[in-house]
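The values are calculated or read from the model by the stated rules, or taken from the named source; none is laboratory data. Every value quoted in this text rests on a predicted model; they were computed, and no experiment measured them. Neighbour counts are summed over all protein chains in view; Cβ atoms, including those assigned to glycine, are modelled from backbone coordinates with ideal geometry. Surface areas here come from the heavy atoms of the whole protein model, side chains and all, with no ligands, DNA or RNA. Shrake-Rupley method; radii C 1.70, N 1.55, O 1.52, S 1.80 Å.
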Amino acid sequence: QVHVVESGGGLVQAGGTLRLSCAASGSIFSLGFMGWYRQAPGKQREMVADIDSRGSTNYADSVRDRFTISRDNAKRTVSLQMNSLKPEDTAVYYCCADLNFRRVWGQGTQVTVSS
């Protein structure tokens, strides 16, 4: 069985920074797309940033120039550096990854930005 587990959420003031990390584990023979999504209360889950196996990235317009996604294929990790955080960034952040050609989701980590 394969898993992804997030870490690094928490409470931060507006303008602050947080770094989320996600590690994939298990019997993995293929590691593809990796990404971060978020879901705020009462809203649908939305893509925040993603990165393919070659390192090409996509960002939501709302986080472009503030967030940076990166991955380490050897360690099977993906990270999200979040700068200049805003109260509207408050949400549960989910890591996802294509492991063995199947999309796997983490349990989520709470990010709360106070004004």
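Restricting attention to the range 57-72, and to residues there that are outside any strand (DSSP E or B) and open to solvent by less than 50 Å² (accessible area, probe 1.4 Å), which single residue is farthest from Gly8 (Cα to Cα)?
Checked the range 57-72; the qualifying residue farthest from Gly8 (Cα to Cα) is Ala60.
When residues of the range 18-56 are filtered for being open to solvent by 60 Å² or more (accessible area, probe 1.4 Å) and assigned to a loop (DSSP other than H, G, I, E, B), how many remain?
Result for the range 18-56: 10.
May I ask you to say which residue of Ser53, Ser30, Ser21 is under 18 Å from Phe101 (Cα atoms) and touching a residue at least 24 places away in the same chain (Cβ under 8 Å)?
None of the others qualify; the one that does is Ser30.
Of everything in the range 73-92 that's in a loop (DSSP other than H, G, I, E, B) and of a type in the set (Ser, Thr, Tyr), which residue is nearest to Gly55 (Cα to Cα)?
Among those residues, the one meeting the criterion is Ser84.
Could you check the range 3-17 and list, in sequence order, the residues that are surrounded by fewer than 17 Cβ atoms within 10 Å (Cβ to Cβ) and outside any loop (DSSP other than H, G, I, E, B)?
His3, Val5, Ser7, Gly10, Leu11, Gln13 - these are the residues of the range 3-17 that are surrounded by fewer than 17 Cβ atoms within 10 Å (Cβ to Cβ) and outside any loop (DSSP other than H, G, I, E, B).
Could you grab the pairs with beta carbons closer than 9 Å, sequence gap of 6+ or different chains, first residue in the range 73-86 and under 11 Å from Leu20 (Cα atoms), second one open to solvent by 60 Å² or more (accessible area, probe 1.4 Å) and assigned to a strand (DSSP E or B)?
Ser79/Arg19; Ser79/Thr68; Leu80/Arg19; Leu80/Thr68; Gln81/Arg19; Gln81/Thr68; Met82/Arg19; Met82/Thr68
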